[in-house]
Amino acid sequence: MNMNSKKAVLIFATRNEHKLHEVHRIFQNIIQIKSLHDCGFNEVLPETHEKLEENAEEKLMALADALHQNCFAEDTGLEIKALNGKPGVYSARYAEKNQSPLDNLYLVLEQMKDIKQRNARFRTVIALYLNEKVYKFEGIINGRITDKPRGNKGFGYDPVFVPDGYNETFAELDQDIKSTISHRAIAFNKMLTFLREEL
Ligand code: IMP
């Protein structure tokens, strides 16, 4: 992959517009990111494991085997200390019945009712398939869970997560700030540093 001559292209195994937007901001003019939608890839990517690392790699290899192109996948979980790391890898489907992001968020708040220890973290694992090899990158941001949802920006659990060093939730903060400090930003910046060194 040559990042110097013309813009390198990587396919991102996601259909989540929020994640795409965040990642476009990080890679800006350095790497061209294509989504599954851009590639006309309509299959559901499998996520059958109990660890973020394994799910990221499973999604990645399903895509790499189908497209034979350099690509990356990521899996993210909200890990709450008082809930022994839950919802964790089950973050997207925590409230099993209908799996809406709001149901997930309210289930977390319900389980955290009356709990004083509110420490939590977002953890992202990226798996990168580059020239037939797989590499992994992790990003963690520590924070705490609020008593009720606040803010209407971002997505998922953003309204109930306050990152360390801030008073606002991820859903109240300017999204440029979230894109700079988030778990995903940390993991993607590690990947970017790696890609620069690969040349
Ligand atoms: P996945 O990585 O797309 O499977 O996401 C797992 C779950 O975590 C979903 O419920 C997402 O809404 C949530 N999630 C992932 N990233 C973030 C984030 O940056 N903020 C809030 N929730 C997130």
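Among residues of segment 17-42 being surrounded by fewer than 16 Cβ atoms within 10 Å (Cβ to Cβ) and within 16 Å of the ligand (Cβ to nearest atom), the one that is farthest from the chain's Cα centre (by Cα) is HIS37.
Of all residues in segment 141-157, those that are within 14 Å of the ligand (Cβ to nearest atom) and assigned to a loop (DSSP other than H, G, I, E, B) total 10.
Okay, residues lined up against (1) of a type in the set (S, T, N, Q); (2) outside any helix (DSSP H, G or I); (3) modelled with pLDDT of 95 or more; (4) touching a Phe, Trp or Tyr at 6+ places or on another chain (Cβ under 6 Å):
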residue	(1), (2), (3), (4)
ILE33	no, yes, no, yes
ASP38	no, yes, no, no
VAL44	no, yes, no, no
GLU54	no, no, yes, no
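Restricting to segment 74-101, and then to whatever is hydrophobic (A, V, I, L, M, F, W, C) and over 21 Å from ARG184 (Cβ atoms), can you tell me which residue is surrounded by the fewest Cβ atoms within 10 Å (Cβ to Cβ)? Per the stated criteria, the residue is ALA82. When restricted to residues that are more than 12 Å from the ligand (Cβ to nearest atom), at pLDDT 95 or above and assigned to a loop (DSSP other than H, G, I, E, B), segment 76-102 contains 2. Would it be correct to say that PHE161 is farther than 23 Å from LYS7 by Cα, surrounded by fewer than 19 Cβ atoms within 10 Å (Cβ to Cβ), of a type in the set (Phe, Trp, Tyr) and in contact (Cβ under 8 Å) with a residue 40 or more places away in the chain? When the stated conditions are applied, PHE161 does not pass them. Can you find even one residue in segment 103-119 that is within 30 Å of LEU192 (Cβ to Cβ), away from the ligand (no atom under 12 Å from the Cβ), touching a residue at least 24 places away in the same chain (Cβ under 8 Å) and in a helix (DSSP H, G or I)? Checked segment 103-119: no residue is within 30 Å of LEU192 (Cβ to Cβ), away from the ligand (no atom under 12 Å from the Cβ), touching a residue at least 24 places away in the same chain (Cβ under 8 Å) and in a helix (DSSP H, G or I). In segment 122-140 there is no residue that is touching a residue at least 40 places away in the same chain (Cβ under 8 Å) and either farther than 23 Å from GLU58 by Cβ or in a helix (DSSP H, G or I) (or both). Collect the residues in segment 95-119 that are in contact with a Lys or Arg (Cβ under 6 Å, 6 or more places away or on another chain) and within 16 Å of THR169 (Cα to Cα), keeping them in residue-number order. Within segment 95-119, ARG118, ASN119 qualify.
The values are calculated or read from the model by the stated rules, or taken from the named source; none is laboratory data. Quantities reported herein were computed from a predicted structural model and do not represent experimental measurements. Note that we place each Cβ from the backbone using ideal geometry, even for glycine, and neighbour counts take in every protein chain shown.
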